[in-house]
Amino acid sequence: MASPRSLALALLFSFLSCYAPVVPSQASSDGFLKCLSGVIPSQLVYTQSSPSFTSVLVSAIRNPKFATPGTVKPLVIVTPTNASHVQAAVVCGRQNDVRIRVRSGGHDYEGLSYRSERPETFAVVDLASLRSVTIDQKAATAWVGSGATLGELYYAISKASSTMAFPAGLCPTIGVGGHFSGGGFGMLLRKYGVAIDNVLDATLVDAKGRLLDKQAMGADVFWAIRGGGGESFGIVLSWKVNLVPVPPTVTMFSVPKSVSEGAVDILTKWQEVAPALPDDLFIRVLVQKQVADFQSLYLGTCDTLLPLMGSRFPELGLNRTHCKEMTWIQSVPYIYLGSTATVEDLLNRTTDTTSFSKATSDYVRQPITKDVWTQIFAWLAKPNAGLMITDPYGEKISSFPESATPFPHRGGVLYNIQYMNFWSAATNGSAQIKWLKDFYAFMTPYVSQNPREAYVNYRDLDLGENVVVGNISSYQSGKVWGEKYYKGNYQRLAMAKGQVDPDDYFRNEQSIPPLMATK
């Protein structure tokens, strides 16, 4: 079954048939609540006066800088338990000029799934209850609700088979909906590509409240939702994905190298070696202060890994003491949560919310020279410095044409960089944000150009924001940030938006603007 449906759908169909857009002068928050009350149980709707409003709102806020008194909060939070509730929220919102923002896991780096950058009347549809995972072991497929976390998806797969997996991100508390919508890469990217390369079908509630599958939404919209960013085209309730084979034993290693131990030389070599290794081997690097930590997943045993590393990357000095053999599902908590974490920890949806953060990203297409790496480590040694995480591409992720999906960072990419900085509530973060911006500016000559590429799941509003003209997001203003995330796919995404949501109902500060096809 594609997604949860209740008998309430039958009642909703007649409700939907009366749908008609209304002009803003008819808008009414009272009318919105009254409309919802006729279709959605009251215990699933939280107004700002509800005793549980704040606890529900903050339950999936991953960055506490978006949980302040000055944050623009939703009028209402709807927590649907079936598709009909989502459809009703959209229809009621359209009739009463209340926009919808959609939250699956709350990891949006700019918090746009539950807050607005500017004053606006909006509601949040929180998909946390739409989190079922149904595995078809024989077909090696699964249906997963957008409100499920990656940890819940991985756990369900492991219960069905110890030799099946899914190629998505490392952090287990990320919501499936947002992660898939932006592409979704992790440690299997060189073997199996990104998450959306393995999506077979989906169910979408569009701006008219219709529930559409792949066939009904059409090829252009199905293409768009697989990497075109969350919340631009509607609300994706569930995804059908292809599961991938993994061996019974995988090998992990983490080898830290300081500058005094040759980190500069090793990193200089890594950036050429890592994208060219066999697809079974993935070696990322976390670079912080004066240390580069080489973290790896190898789809095989230590006995086969050691000679491979000895011949292709001897500079790292890998030996048997570094190898940690385990199952694939054990590798997921190991790499992200630490060596003492258990598989059951993947089901924990809560995260540490004491650390404030800011992030941005880059793509590297030409190797960075040794002297520049020396300067990078000098930047990382400065007061209030953050860190950088590099993920190598090559093999499967790079084998698709840029236009195959909205996620365009394919052939020619050596690796992705994520820059992050953190601070506590004791400071306002200005020094940490300044370091991040200055470091990003320093990196300009050494990363991709025209456009300077960025990964939409590392959303950064400093790359640009939409300008709304005549109640429609401007296509031209969107190009500023849109071509960084999507390169030449931005125009096609805007045309898909024009098909499914020409009135720009689903929008945020970095949503795709609609572009109408000319006859």
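Restricting to strands (runs of 3 or more DSSP E) lying wholly in the stretch 324-418: which have 1 or more residues that are within 25 Å of the chain's Cα centre (by Cα)? Explain how you work it out, then say what you get.
Values: elements: 324-326, 356-364, 387-392.
Answer list for the stretch 324-418: 356-364, 387-392.
Of all residues in the stretch 206-226, those satisfying the criterion of being surrounded by 17 or more Cβ atoms within 10 Å (Cβ to Cβ) and in a loop (DSSP other than H, G, I, E, B) are 206, 207, 208, 209, 210, 226.
Scanning the stretch 348-384 for residues that are at pLDDT 95 or above and of a type in the set (Val, Ile, Thr) gives 360, 364, 368, 369, 372, 374, 376.
Return the residue satisfying two criteria in turn: it lies in the stretch 382-407 and is touching a helix residue (DSSP H, G or I) at 6+ places or on another chain (Cβ under 9 Å) and among the small types (Gly, Ala, Ser), and of such residues it is surrounded by the fewest Cβ atoms within 10 Å (Cβ to Cβ).
Residues of the stretch 382-407 touching a helix residue (DSSP H, G or I) at 6+ places or on another chain (Cβ under 9 Å): 382-388, 390-398, 400, 402-407.
Keeping just the survivors that are among the small types (Gly, Ala, Ser) gives 385-386, 394, 398, 403-404.
On the way: 385: 18, 386: 21, 394: 21, 398: 17, 403: 13, 404: 17.
Here the answer is 403.
Whenever a residue of the stretch 110-132 is among the hydrophobic types (A, V, I, L, M, F, W, C), its partners that are open to solvent by 60 Å² or more (accessible area, probe 1.4 Å), lying with C-beta atoms within less than 9 angstrom and at least six residues away or across chains, give the pairs 124/73; 128/59; 130/81. Filtered by the rule that a residue be open to solvent by less than 60 Å² (accessible area, probe 1.4 Å), charged (D, E, K, R) and within 17 Å of residue 462 (Cβ to Cβ), the stretch 473-487 gives a lone residue, 484.
On the given criteria, is residue 128 out of contact with any Pro (no Cβ under 7 Å at 6 or more places or on another chain) and open to solvent by less than 10 Å² (accessible area, probe 1.4 Å)? Lay out the reasoning, then the answer.
Working: out of contact with any Pro (no Cβ under 7 Å at 6 or more places or on another chain): yes; open to solvent by less than 10 Å² (accessible area, probe 1.4 Å): no.
No; evaluated as a whole, the condition is false for this residue.
Each residue in the stretch 410-439 was checked for being open to solvent by 40 Å² or more (accessible area, probe 1.4 Å), of a type outside the set (Gly, Ala, Ser) and either more than 30 Å from residue 69 (Cβ to Cβ) or in contact (Cβ under 8 Å) with a residue 60 or more places away in the chain (or both), and 2 pass. Looking at the stretch 324-369 only, could you name the residues that are among the β-branched types (Val, Ile, Thr) and surrounded by fewer than 17 Cβ atoms within 10 Å (Cβ to Cβ)? Answer for the stretch 324-369, where residues must be among the β-branched types (Val, Ile, Thr) and surrounded by fewer than 17 Cβ atoms within 10 Å (Cβ to Cβ): 340, 342, 350, 353, 354, 369. Taking every residue in the stretch 15-44 that is in a loop (DSSP other than H, G, I, E, B) and pairing it with any residue that is modelled with pLDDT under 70 and open to solvent by less than 40 Å² (accessible area, probe 1.4 Å), at least 6 positions away or on another chain, the pairs with Cβ-Cβ distances below 8 Å are 39/8; 39/12. Per the conditions (1) in contact with a strand residue (DSSP E or B) (Cβ under 7 Å, 6 or more places away or on another chain); (2) open to solvent by 10 Å² or more (accessible area, probe 1.4 Å), the sole criterion not satisfied by residue 100 is (2). Out of the residues in the stretch 296-323 that are surrounded by 22 or more Cβ atoms within 10 Å (Cβ to Cβ) and closer than 21 Å to residue 165 by Cβ, state the one that is farthest from the chain's Cα centre (by Cα). Here the answer is 305.
The values are calculated or read from the model by the stated rules, or taken from the named source; none is laboratory data. Since the model is a prediction, treat every value here as computed from it, not as a measurement. Positions of Cβ are backbone-derived with ideal geometry, glycine not excepted, and every protein chain shown enters the neighbour counts. Quick note on the areas: whole protein, heavy atoms, side chains included, nothing else; ligands and nucleic acids left out. Shrake-Rupley method; radii C 1.70, N 1.55, O 1.52, S 1.80 Å.
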